[in-house]
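No value in this document is a laboratory result; all are computed from the given coordinates. None of these values were measured; they are calculated from a predicted model. Here Cβ is always computed from backbone atoms with ideal geometry, including for glycine, and neighbour counts include all displayed protein chains.
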Amino acid sequence: MKNLTALKQPLLVSAWFMFLTFPLMVIRVNTIENVVEWRWRNMIWVGTASFLLTFLWRYLSDRREAARKEAERTEDHEQTLGRFLAGRPEVGRYLSVGAMILALIFPFVFSTYQTNIMATALMYAVLGLGLNIVVGQAGLLNLGYVAFYAAGAYSYALLNHHFGIGFWTALPVGAVVGALFGILLGFPVLRLRGDYLAIVTLGFGEITRLVLENWNDFSFGPSGISNIPRPGFFGIALDIRGATIYLYFLVLLLCLATVFIVNRLQNSRIGRAWIAIREDETASQAMGIDGTKTKLTAFALGAFWAGMVGVIFAAKTTFINPASFTFLESAMILSIVVLGGIGSIPGIITAALFLILVPEYLRAFSNYRMLIFGSVMVLMMLFRPQGIVAGARRTYTFRRRKSGPELERG
Amino acid sequence: MSMEPVLQVRGLTMTFGGLRALDNVDLHVEREEIVALVGPNGAGKTTFFNCITGIYPPASGDIFLAPPGGKRRRINGLKMHTVTEHGMARTFQNIHIFPAMTVLENVMVGRHCRTSSGLLGAVLRGAGTLREEEGIVNKSYEILETVGLDASVNELAINLPYGAQRRLEIARAVATDPFLLLLDEPAAGMNPQETKELEGLIRQIRNGKKISILLIEHDMKLVMSISDRLCVMDYGEKIAEGTPAEIRGNPIVIEAYLGEDPDA
């Protein structure tokens, strides 16, 4: 009986879909022979597909509901992937060592093309980790992140064009320019909260792009800047393959450094202050946290990384123009953070690899790219709103001592 | 050593548009004293808290804060986090914990203004930072023991039962090392058993940590047994002040609470 009711709704849905699509999918007027063709087979397709999809949908949501009830009943906390990893550090260690080895041999096993794509994906991973400080930790929704990325890229391109400054000098300069832009924007807008902040940052991103597009004397307009040199390798000229591998390792190194730094920040005094601000701004200020200063730090630090990756981007593509810094780019980076799991480092790296690599390997479906992207986002928000790997908080164990509690070192 | 009051408020006035939410309110809290601020709903008690902690800048009046044995300071118009740094911490009427942080981390945030390691320290994790971090953890754990939450240090704060969340908020405020603690309806929504435990906790904080306490509370049983002194507010004005026994018999207070006696 229970199975029958489970089948009822999918049946109704498929009937409704067959009815709706009937005029489009079934009837076709053949204007040459002046006859009406009845394509009943299409109707069967539509019916079966909608039936199966609805059934699957119902099955999944029922299961989810059951799991939630079960968790409530037993008062057991949801076993998330993040919590699983936090409880078993050795699993995480094996996984990271495995990933590390794979990353190290990758350029020697795969072609230059693959290495190039992988370097791009890692760049986005770094951008995601940078934006995670702003959005994930401090809770400041920044939709104009690409502006800082552009600031870094143009710093290198322009400094090189006018003064012949090399990559290694430009890297810290680009990062600092990014951070300065962050502070510049941050000062006036950080008193805004939530949606208002999102709109202002979105506007800022667009303004930056439009300025770059229209200020011909400064940024060479839409035609952009070309012939940006690749990073130097102790003065040795590298061929294309060598240069790609070199850049790949450069990005990998940056990615590792970012993971290291972000990881340390997460459980520090500043990291806790960011999360406190995200969780409850009034309470965090009542606890003695200087809201403006702390938010500005997060904003500038996020922009710092964007600036640095911007320099690498300019060096990697050797050509930049404003078209590389559209809102879509900001949305992409934000999707990486949200999809990966806010505040979770492994999640964000996974999401960056997924979102950048999958479209590259599925070029055949490039027409449907945004469609698939949108559906994946909707499904994620429905079934895993916490992201691929939910961020878990650090736990502490204590040992009783006569002199008082003592933190156990693990 | 002079026995200056730790908090001295003179002529505090606050207006929202045409509404006078606070009208010339005077109040002081002595060292290690428990003072209760009572009054009907809308009397301006929480506005008073918000004014002295820097959420709203008061329209006029003076607020002085004097740490025991320290220098008196005027704190009008200072930002909230600076007020906390000066030694006055508060809890909120509606619970304001950090839900997605663990219980221990909530209290650790309270140590923020008493510690100093910055970005560089966090990344390099030098000996100084590690020592400071360990100090934060141990001190936070001690405070959690005081409020009886040491068994759930690693739980997310949102998963705590209501009464425990209230105690967590008090623990977090105590972690900022205040000499004056403002509690905004700490017993709201608690059952009689929890309220009794809360009373013990407030006394313990006052006696153990030498912290003066100013609290807003509607539970008259708690207020009468715990406070050294009461201030009664109505329509933004202070209408009475005195010991619990004096307030209990005060006709003005009875009128404010129960309305005018038609037979009088």
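For segment B:97-174, the dipole from Cβ point charges (+1 on Lys and Arg, -1 on Asp and Glu) about the Cα centre works out to 200 debye, to the nearest 20.
Mind grabbing the base-10 log of I(q)/I(0) for segment A:195-273 at q = 0.16, 0.18, 0.22 Å⁻¹? Debye formula, identical points on the C-alpha positions, no solvent, two decimal places. Relative scattering, expressed as log10 I(q)/I(0), comes to -0.98, -0.97, -0.93. Considering only Cα atoms, the convex hull volume of chain B works out to 150 Å³ per residue. Applying the Kirkwood pairwise sum to the alpha-carbon positions of segment A:279-405 produces a hydrodynamic radius of 18.1 angstrom. With Cα atoms defining each centre, segment B:90-104 and segment A:119-192 are spaced 34 Å apart in the structure. Based on alpha-carbon atoms, the Kirkwood radius and the radius of gyration of segment A:2-68 give Rg/Rh equal to 1.21. The stretch between residue A:11 and residue A:370, if pulled fully straight at 0.36 nm per residue, gains 126.2 nm over its current Cα-Cα span. With Rh defined as the Kirkwood radius, the inverse of the mean 1/r over Cα pairs, the Rg/Rh of the protein assembly as shown is 1.06. Per residue, the convex hull spanned by the Cα atoms of segment A:88-383 amounts to 151 cubic angstrom.
For segment A:267-326, the gyration tensor built on C-alpha atoms gives a prolate shape. Its axis ratio a/c (a ≥ b ≥ c) is at least 1.5, and a/b is the larger of a/b and b/c. Its Cα centre serving as origin, chain A has a Cβ charge dipole (Lys and Arg +1, Asp and Glu -1) of approximately 1220 debye. Rounded to 0.05, the FRET efficiency of the residue A:192 and residue A:293 pair, given R0 = 22 Å and the Cβ-Cβ distance, is 0.85.
The amide H of residue A:318, built 1.01 Å from its N in the peptide plane, has no neighbour under 5 Å, considering only residues 5 or more places off or on other chains. Projected onto planes of every orientation and averaged, the convex hull of the alpha-carbon atoms in segment B:97-174 covers 5.0 nm².
Annotation: amide H of residue B:21 within the under-5 Å range of B:14, B:15, B:16, sequence separation 5 or more or interchain, hydrogens built in the peptide plane. With a 10 Å cut-off around each Cβ of B:98-105, the average count of Cβ atoms from other chains is 6.
Full extension of the segment from residue B:138 to residue B:15, taken as 0.36 nm per residue of separation minus the current Cα-Cα distance, would add 39.9 nm.
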